[in-house]
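Colleague: To start, I am sharing the structure in question, which I have written as structure tokens.
The values are calculated or read from the model by the stated rules, or taken from the named source; none is laboratory data. What you are looking at is a predicted structure, and each value in this text was computed from that prediction instead of being measured. With ideal geometry, Cβ positions are generated from the backbone for all residues, glycine too; neighbour counts draw on all protein chains shown.
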Amino acid sequence: MSCRTPAERPVRLLPRLSATEKLRFDAEIVPHLDVLHRMARSVCGDADVADDIAQESFLKALKGFGGLKPGTNGRSWLARIVHNACRDHWRSKAGRGDEGWDDELQAEVEALGAEPDWQPGIIRDAFDDEICEALQALPPRWRASVLLVDVEGWTYEEAAESLEIAPGTLRSGLHRARKVLFARLRDSVGARQVGARQATQAPNNPPDHGEA
């Protein structure tokens, strides 16, 4: 299953909302359901589990939307629901609690040595199953951080709010996560960078080799 497969929308459940709430829900939540599924898929790794979490998160959002104050950041609120659902699944798996959920990656980064040439735009423009799989090398919290900031283009502040951590903690953790992820993707991302650079530097017109 592709990381970009959108979450199915069980619209048959929407009549639970009042007419006014449904209009708000359609405007503030429905446009971000694709992010809901990509986040669940990226954090959990397992497509079937991600489908269950995406569906569960949608239902929680539907149930709790009536209490959401107008003006609240809808997509951040939705991402927080998904993040918490993923964390609950992680905690229940083999009864391990939060162990490994947000490891700081210090040892991994020290082992990598030199700073890689990280260009998040390459990830954003070419997010695919290969990158989604490589994210599994990161602790779950930092998978979500990379997805929200480097793929979805969210600000540090908005992503930090969704993940319920301080923006400074997000920045430092994301810096380390990028290094680990880039090391996993060095060859494929490097090829994309070269291709993009060649495309940018290519002349507007093909060279004139003369008439045949």
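Colleague: Could you say which residue among TRP154, TRP77 is buried (at least 18 other Cβ atoms within 10 Å of the Cβ), part of a helix (DSSP H, G or I) and at pLDDT 65 or above?
Modeller: On the way: TRP154 fails: part of a helix (DSSP H, G or I).
Only one candidate passes the filter, namely TRP77.
Colleague: Failed condition for ASP128, given (1) more than 12 Å from the chain's Cα centre (by Cα); (2) at pLDDT below 80; (3) loosely packed, with under 14 Cβ neighbours inside 10 Å, with all others met?
Modeller: Only one criterion is unmet by ASP128, namely (1).
Colleague: How do the pairs read when you match residues in segment 163-179 that are within 21 Å of LEU78 (Cα to Cα) with residues anywhere that are loosely packed, with under 15 Cβ neighbours inside 10 Å, using Cβ under 7 Å and keeping only pairs 6 or more apart or on different chains?
Modeller: Within 7 Å, the pairs are PRO167/GLU157.
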